[in-house]
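The values are calculated or read from the model by the stated rules, or taken from the named source; none is laboratory data. Since the model is a prediction, treat every value here as computed from it, not as a measurement. No Cβ is skipped: glycine too gets one built from the backbone with ideal geometry, and neighbour counts run over all protein chains shown.
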Amino acid sequence: MNNGMKQKKKILVVEDEAPLREVLRDNLEQEGFTVVEAGDGSEGLRMANREKPDLILLDILMPKMDGMTMMEKFRTTKAGHAVPIMLLTNVAADKKIIKSLIKYMPVYYFDKSGRTIGEIITRVKARLEVAE
């Protein structure tokens, strides 16, 4: 890094599947991001408000509070109105999801089935405009 230390971008990973959450964390940290994690939507909402991440990777189907509900609640907070959210899901984008994508911008939909971790990391970098 040039010109002194640049603040690392912080990513919140909200995913109930621990193995996937850990792989995402490890890969994001290797790319130089600071990573905070949550295992369900209610914990994710608390972490998002406390940690003020630069981007949230958010699973839709989770226990306690699903990702759509978490996103809706987070968007009503002062801290949460403009944070980019990438929805990670195996669920097909139905009308409800598509309406939420429009209503709660900036939101990006990412089908995690058949995608590599590398593709997810590339998308994260693109959203945060991080140089390769």
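The table for this structure:
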item: Unmet requirement for residue 115, which otherwise passes all of (1) modelled with pLDDT under 85; (2) touching a Phe, Trp or Tyr at 6+ places or on another chain (Cβ under 8 Å); result: (2)
item: Number of the condition not met by residue 25 [criteria: (1) modelled with pLDDT of 95 or more; (2) in contact with a helix residue (DSSP H, G or I) (Cβ under 7 Å, 6 or more places away or on another chain)]; result: (2)
item: Filter result for the condition that a residue is under 19 Å from residue 21 (Cβ atoms) and at pLDDT 70 or above, over 91, 124; result: 124
item: Considering residues of segment 59-82 that are in contact with a strand residue (DSSP E or B) (Cβ under 6 Å, 6 or more places away or on another chain) and of a type outside the set (Asp, Glu) only, the residue modelled with the lowest pLDDT; result: 60
